[in-house]
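Visitor: Got a structure for you, written out below as structure tokens; questions coming shortly.
The values are calculated or read from the model by the stated rules, or taken from the named source; none is laboratory data. What you see is a predicted model; the values in this text were computed from it and never measured. Positions of Cβ are backbone-derived with ideal geometry, glycine not excepted, and every protein chain shown enters the neighbour counts. Ligands, DNA and RNA are excluded from the accessible area calculation, which covers all protein heavy atoms including side chains. Shrake-Rupley method; radii C 1.70, N 1.55, O 1.52, S 1.80 Å.
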Amino acid sequence: MRGFRVHVVSDVHGNAEDLARAGDGADALICLGDLVLFLDYANHARGIFPDLFGAENATRLVELRTARRFEEARAFGASLWAGLDRGPAVEQAVRKQYAELFAAFPTPTYATYGNVDMPQLWREYAGPGTTVLDGERVEIGGRVFGFVGGGLKTPMRTPYEISDEEYAAKIEAVGEVDVLCTHIPPEVPDLVYDTVARRFERGSRALLDAIRRTRPRYALFGHVHQPLVSRMRVGSTECVNVGHFAGSGRPWAMEWTG
């Protein structure tokens with residue numbers, strides 16, 4: 001029987017150089033979203049925001065957000081954007097990143113959206129070797145994988161945040177699978193707490209309920225960059241945060257015999 005190996009990445013945030021090697025030695029690559037780098041909290045000179053407004057202003061925005069002063073952060077951001085046509089400026093910058101990142105995907109790649117992505121642009125940049133899935137299933141190496149993209153609504157107001165009801169409907173559409181792939185984690189405190197940002201990110205209760213009900217072998221996700229716990233069991237399901245690819249440059253690997 002033939003062995004099969006899949007590499008999984010999430011939270012790429014502009015790391016095209018390592019992404020080009022992420023599929024080496026694997027039969028397929030899975031990407032769980034957040035390709036765009038809007039603002040790098042570790043290096044305030046990187047990303048769309050500092051490119052437009054400078055690293056000093058980026059540092060100020062990070063300080064406000066980290067202190068959870070979201071209203072002040074929005075007001076500060078609005079004052080900077082006042083002199084620009086925001087939509088076209090952001091789209092132009094995102095397009096530049098997407099052109100480089102999608103070109104780095106190996107064949108085959110299976111991908112879903114993160115909360116900072118712009119889904120309306122993906123099919124324009126995804127080549128024939130990249131399959132984009134959201135609320136959909138696909139067979140990879142004899143196992144059924146389900147994909148649900150995006151995040152839930154937060155004070156950060158990132159581009160692809162949807163309602164709990166819409167997210168739950170996509171989870172329901174996927175149904176029973178061997179591997180459930182999402183951008184955000186299930187709503188488990190240890191999985192959603194970011195130890196560096198010192199806050200609970202939003203996880204999905206509907207996702208947690210589906211894991212308990214349908215019992216996939218694995219639930220794979222990202223979103224939380226420095227989780228308190230990166231791996232734990234929920235019932236018989238192994239829940240795995242596949243890692244902050246922008247920082248590590250290393251994919252998470254899964255192997256089985258088909």
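Visitor: Can you give me the convex hull volume of the Cα atoms of segment 93-184, divided per residue and expressed in Å³?
Guide: In segment 93-184, the Cα hull volume divided by residue count equals 92 Å³.
Visitor: OK, next. In nm, to one decimal, how far is the modelled label at Q226 from the one at R205, with both set 7 Å along Cα→Cβ?
Guide: Result: 3.0 nm between the two label points.
Visitor: Each residue of segment 65-75 in turn: what ³J(HN,Hα) in whole Hz from Karplus with 6.51, -1.76, 1.60 and θ = phi - 60°, glycine and Pro shown as x?
Guide: So the Karplus estimates, Gly and Pro as x, are 5, 5, 7, 6, 9, 5, 5, 5, 4, 5, 5 Hz.
Visitor: How high is the FRET efficiency from A99 to A253, r the C-beta distance, R0 30 Å, rounded to 0.05?
Guide: Rounded to the nearest 0.05, the efficiency is 0.60.
Visitor: If we sort 151-157, 13-19, 219-225, 249-255 on the protection proxy, mean other Cβ atoms within 10 Å, highest first, what's the order?
Guide: 219-225, 13-19, 249-255, 151-157
Visitor: Summarise the long-distance tail of P(r) for segment 25-129 by giving the % of C-alpha pairs beyond 18 Å.
Guide: 55
Visitor: Something else: Enter the per residue convex hull volume of segment 1-71, computed from alpha-carbon coordinates, in Å³ rounded to the nearest integer.
Guide: It comes to 107 Å³ per residue, whole-number rounded.
Visitor: If you average the alpha carbon positions of segment 174-247 and of segment 112-130, how far apart do those two centres end up, in angstrom?
Guide: 22
Visitor: With the other protein chains left in place, how much accessible area per residue, in square angstrom, belongs to segment 104-145 at a 1.4 angstrom probe?
Guide: The answer is 41 Å² per residue.
Visitor: Taking H placed 1.01 Å from N in the peptide plane, check which residues at least 5 places from E136 or on another chain put their amide H under 5 Å from its amide H.
Guide: Sorted by chain and number, the residues that satisfy this are F147.
Visitor: For the ranges 120-129, 174-183, 193-202, 30-39, what's the packing order if you count other beta-carbon atoms within 10 Å of each residue, average per peptide, and put the highest first?
Guide: 30-39, 174-183, 193-202, 120-129
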